[in-house]
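Q: Sharing a structure with you now.
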Amino acid sequence: MIQPDFSQFPTDSGVYLMKDSTDHIIYIGKAKRLRQRIRHYFLPSVKDPKTRLFRTRIAHIEFIATATEADALVLERQLIQKHQPEFNIILKDDKNFPVVRISKREPFPKLEIVRSMGERGYTYFGPFPSMGSIRQFMKLIHALFPVRDCHQRIDAVSQQPKCIKFDMGTCLGPCIHKDPDAYRAMIQSLSTFLNGNRAPMIAQLQQSMQTAADAKHYEKAAIIRDQLRQIEQLDASNTVHITDKKAYHVWGFSNSDSLQYAIVQHIIDGKLIAQKGFYKTPPLAWDQFVQHTLLHYYTESPTETLLISEPIYQLLTELNLFNCQLACPKRGAKKVIVDTANRNAYLSMLALDFKSVKRDADSQSIVDTLRTRLSLRQPPNLIFGFDSSHFQGTAYVGSAVCFWHGQPDKSRYRRFQIKTTHGKSNDPQSIYELVTRRLQLCLKHHEALPDLCLIDGGKGQLSAAKMALYDSGLHHRIDTVALAKREEMVYSDHYPNGIQLGANDPGRFLLQQVRDESHRFARAYQRLKRKDTWFND
């Protein structure tokens with residue numbers, strides 16, 4: 001049995017594959033937070049006989065990060081059905097996931113649930129993780145779009161018998177009212193909504209909710225509020241999967257100062273069936289790494305379509321490699337899948353970098369190095385990390401976490417309801433309030449002041465934090481830096497345009513850990529407060 005270094009696993013949602021010494025998959029699972037879930041298997045307190053048995057056979061753990069937890073659930077099922085791991089008991093059947101489809105051939109199209117996407121003449125949306133989730137989804141759809149779901153044949157001329165759904169207002173009643181243009185416009189709006197563009201509907205519902213609240217129609221406003229919450233849950237559902245029957249190879253690439261990493265994912269019939277990774281250290285020239293990886297992988301011209309990002313597309317086009325098979329999606333489901341592959345390559349590269357870093361470096365050495373790299377006043381032994389979170393301008397909250405000598409000190413974690421920001425996103429103002437209030441608590445209760453304030457964000461959030469320190473009279477005592485997620489760029493007074501620490505720099509890992517913990521703590525509090533967002537103030 002291995003004892004993994006859990007820091008190599010991301011906090012993203014995803015699927016993990018546990019393999020034995022022969023590289024055979026013995027267990028596949030999914031998790032909302034991969035690192036937390038994998039750590040659970042190796043706790044001494046776990047007494048489950050099955051877990052104790054299969055963890056003795058674990059030699060290696062791989063992961064595939066996903067955009068959402070629902071994506072992880074669907075991917076888990078696909079992989080279990082393909083590999084049939086011996087320790088997985090459920091999800092081994094061959095049933096397909098349910099999908100929603102809209103007919104194209106009828107003058108008044110209907111909405112229905114099916115388990116197959118092969119039939120022509122329909123537009124498909126999904127798949128969904130379970131029949132229960134899709135039924136809840138259909139209730140919301142019919143509340144927002146009164147489209148028919150009956151099995152009655154309805155033409156564009158003669159009247160047909162009506163049903164109770166027309167009287168209840170959950171169907172436009174094309175059986176009685178023959179208005180194809182109005183019905184077609186509603187179907188178009190529904191298709192836009194199902195494709196993930198929910199902004200127009202959200203804006204309309206928010207306006208209706210405010211109008212109802214102003215008119216003191218609180219019951220109606222509460223119903224609309226619940227619909228908005230359901231739409232938010234839909235945003236975490238699985239809606240970005242390739243639905244055609246073609247075979248694709250999705251390539252993701254990432255590189256650092258010491259390592260280059262590439263991932264290829266095989267997708268057939270809309271299902272991810274395999275993922276392989278390749279790395280090179282010390283790194284080559286970037287174009288050579290991409291070229292050598294593909295030429296090593298394909299001994300002849302591939303029959304699959306290669307989905308790649310814009311920079312790789314331009315590079316391969318210049319090299320005249322596989323031009324007929326290349327596709328560079330600019331939007332939609334395929335673009336999301338390419339972005340996810342690049343994210344997986346980045347996370348896999350980080351995991352490999354974690355293994356290459358000497359983990360026995362003491363915390364004092366790390367903070368001393370960080371002080372030198374960022375030109376700080378003193379070693380950042382005590383770090384406060386700040387982040388804010390909200391839901392569409394409501395339920396605005398924030399977090400202040402604490403790390404002492406490189407380790408979290410949860411006794412000094414604090415969470416706040418933001419009081420100065422309402423109705424719209426204003427991250428700099430929120431950061432200003434968070435930093436001000438946390439430092440005031442330190443002064444009031446005679447707590448130690450931090451050596452460093454780390455802000456989750458970029459230049460705007462950094463400026464707000466610096467203003468908070470200045471107004472508190474502490475700007476000469478406390479350093480402040482911001483860490484932006486996308487490029488992992490550090491901004492400070494000495495580096496106004498940002499500096500990127502090495503991918504295997506222990507100081508970078510420490511800053512990322514503080515940033516990710518503040519984000520997690522803020523999100524957890526925001527979800528807790530969201531239930532009382534609108535009417536319990």
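The values are calculated or read from the model by the stated rules, or taken from the named source; none is laboratory data. None of the values given here were measured: they were computed from a predicted structure. With ideal geometry, Cβ positions are generated from the backbone for all residues, glycine too; neighbour counts draw on all protein chains shown.
Q: How many of the residues making up segment 425-440 are free of Cβ contacts under 8 Å to residues at least 40 places away in the same chain and either farther than 28 Å from D368 by Cβ or part of a loop (DSSP other than H, G, I, E, B) (or both)? Write out each step before concluding.
A: Here is the first cut: in segment 425-440, the residues free of Cβ contacts under 8 Å to residues at least 40 places away in the same chain are 425-429, 432-433, 436-437, 439-440.
Among the residues that remain, those that are also either farther than 28 Å from D368 by Cβ or part of a loop (DSSP other than H, G, I, E, B) (or both) are: 425-429, 432-433, 436-437, 440.
Summing the residues that are free of Cβ contacts under 8 Å to residues at least 40 places away in the same chain and either farther than 28 Å from D368 by Cβ or part of a loop (DSSP other than H, G, I, E, B) (or both) in segment 425-440 gives 10.
Q: What number of residues within segment 52-63 are of a type in the set (V, I, T) and surrounded by fewer than 16 Cβ atoms within 10 Å (Cβ to Cβ)?
A: Of the residues in segment 52-63, the ones of a type in the set (V, I, T) are 56, 58, 61.
Subsequent filtering for residues that are surrounded by fewer than 16 Cβ atoms within 10 Å (Cβ to Cβ) retains 56.
Residues flagged as of a type in the set (V, I, T) and surrounded by fewer than 16 Cβ atoms within 10 Å (Cβ to Cβ) within segment 52-63 amount to 1.
Q: Here is a further query. From E488, E447, which residue is of a type in the set (D, E), part of a loop (DSSP other than H, G, I, E, B) and more than 19 Å from E517 (Cα to Cα)? Full working, then the answer.
A: On the way: E488 fails: more than 19 Å from E517 (Cα to Cα).
None of the other options fit; the residue is E447.
Q: Go through L462, L441 for me and flag whichever is among the aliphatic types (A, V, I, L, M) and either buried (at least 19 other Cβ atoms within 10 Å of the Cβ) or modelled with pLDDT under 90 (or both). Explain how you work it out, then say what you get.
A: Numbers: L441 fails: either buried (at least 19 other Cβ atoms within 10 Å of the Cβ) or modelled with pLDDT under 90 (or both).
Step by step, each of L462, L441 is checked, and only L462 is among the aliphatic types (A, V, I, L, M) and either buried (at least 19 other Cβ atoms within 10 Å of the Cβ) or modelled with pLDDT under 90 (or both).
Q: Among what's in segment 116-170 and is within 27 Å of Q204 (Cβ to Cβ) and among the charged types (D, E, K, R), pick the residue that is modelled with the highest pLDDT.
A: The selected residue is R148.
Condition check ((1) assigned to a helix (DSSP H, G or I); (2) in contact with a Leu (Cβ under 7 Å, 6 or more places away or on another chain); (3) among the small types (G, A, S)) across all residues:
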site	(1), (2), (3)
Q136	yes, no, no
H142	yes, no, no
R153	no, no, no
A156	no, no, yes
K178	no, no, no
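Q: A follow-up question, please. Among C442, C453, which is more than 30 Å from H217 (Cβ to Cβ) and in contact with a Lys or Arg (Cβ under 9 Å, 6 or more places away or on another chain)? Spell out how you get there, then give the answer.
A: Values: C442 fails: in contact with a Lys or Arg (Cβ under 9 Å, 6 or more places away or on another chain).
On inspection, the qualifying residue turns out to be C453.
Q: When the residues of segment 158-176 are filtered to those that are assigned to a helix (DSSP H, G or I) and not basic (K, R), which remaining residue is surrounded by the fewest Cβ atoms within 10 Å (Cβ to Cβ)?
A: Pass one, segment 158-176, residues assigned to a helix (DSSP H, G or I): 164-168.
When the remaining residues are screened for being not basic (K, R), the result is 164, 166-168.
Values: I164: 8, F166: 18, D167: 10, M168: 10.
Applying the filter and picking the extreme gives I164.
Q: Based on this model, can you work out whether L73 counts as at pLDDT below 85, more than 29 Å from the chain's Cα centre (by Cα) and more than 25 Å from F278 (Cα to Cα)? If you could, list the steps in order and put the result at the bottom.
A: Values: at pLDDT below 85: yes; more than 29 Å from the chain's Cα centre (by Cα): no; more than 25 Å from F278 (Cα to Cα): yes.
Answer is no for this residue.
Q: May I ask you to verify whether L228 is in a helix (DSSP H, G or I), surrounded by 13 or more Cβ atoms within 10 Å (Cβ to Cβ) and at pLDDT below 85? Don't jump to the end; show me each part of the working.
A: On the way: in a helix (DSSP H, G or I): yes; surrounded by 13 or more Cβ atoms within 10 Å (Cβ to Cβ): yes; at pLDDT below 85: yes.
Judged against the criteria, L228 is a match.
Q: Quickly run through segment 410-424 and pick out the residues that are in a loop (DSSP other than H, G, I, E, B), over 12 Å from Y396 (Cβ atoms) and small (G, A, S).
A: Answer for segment 410-424, where residues must be in a loop (DSSP other than H, G, I, E, B), over 12 Å from Y396 (Cβ atoms) and small (G, A, S): there is none.
Q: Which of (1) over 26 Å from F509 (Cβ atoms); (2) not in a helix (DSSP H, G or I) is the odd one out, the single condition Y470 does not satisfy?
A: (2)
Q: From the list R377, R373, which residue is out of contact with any strand residue (DSSP E or B) (no Cβ under 7 Å at 6 or more places or on another chain), surrounded by fewer than 20 Cβ atoms within 10 Å (Cβ to Cβ), of a type in the set (D, E, K, R) and in contact (Cβ under 8 Å) with a residue 40 or more places away in the chain? Reasoning before the result, please.
A: Details: R377 fails: out of contact with any strand residue (DSSP E or B) (no Cβ under 7 Å at 6 or more places or on another chain).
That would be R373, the only listed residue that is out of contact with any strand residue (DSSP E or B) (no Cβ under 7 Å at 6 or more places or on another chain), surrounded by fewer than 20 Cβ atoms within 10 Å (Cβ to Cβ), of a type in the set (D, E, K, R) and in contact (Cβ under 8 Å) with a residue 40 or more places away in the chain.
Q: A follow-up question, please. Scan segment 306-354 residue by residue and report those that are touching a Leu at 6+ places or on another chain (Cβ under 8 Å) and charged (D, E, K, R).
A: Hits for segment 306-354 are K334, D353.
Q: Can I ask one more? Might you check whether a residue that is part of a strand (DSSP E or B) and under 21 Å from R377 (Cβ atoms) occurs anywhere in segment 455-467? Write out each step before concluding.
A: The first filter runs over segment 455-467 and keeps only residues part of a strand (DSSP E or B), leaving 455-456.
From the residues that got through so far, the ones that are under 21 Å from R377 (Cβ atoms) too are 455.
For segment 455-467, residues part of a strand (DSSP E or B) and under 21 Å from R377 (Cβ atoms): present.
Q: Name the residue, out of D244, D287, D257, that is over 30 Å from F391 (Cα atoms), at pLDDT 85 or above and either among the β-branched types (V, I, T) or surrounded by fewer than 20 Cβ atoms within 10 Å (Cβ to Cβ) (or both).
A: Numbers: D244 fails: at pLDDT 85 or above; D257 fails: at pLDDT 85 or above.
Testing whether each residue is over 30 Å from F391 (Cα atoms), at pLDDT 85 or above and either among the β-branched types (V, I, T) or surrounded by fewer than 20 Cβ atoms within 10 Å (Cβ to Cβ) (or both) leaves just D287.
Q: Continuing with the same structure: Return the total of residues in segment 303-321 being assigned to a loop (DSSP other than H, G, I, E, B) and either closer than 13 Å to W251 by Cα or not assigned by TED's automatic domain parsing to the domain that holds S256 (or both). Working first, answer last.
A: Step one: of segment 303-321, the residues assigned to a loop (DSSP other than H, G, I, E, B) are 303-304, 308-309, 320-321.
After this cut, where a residue has to be either closer than 13 Å to W251 by Cα or not assigned by TED's automatic domain parsing to the domain that holds S256 (or both) as well, the list is 304, 308-309.
Residues meeting the conditions: 3.
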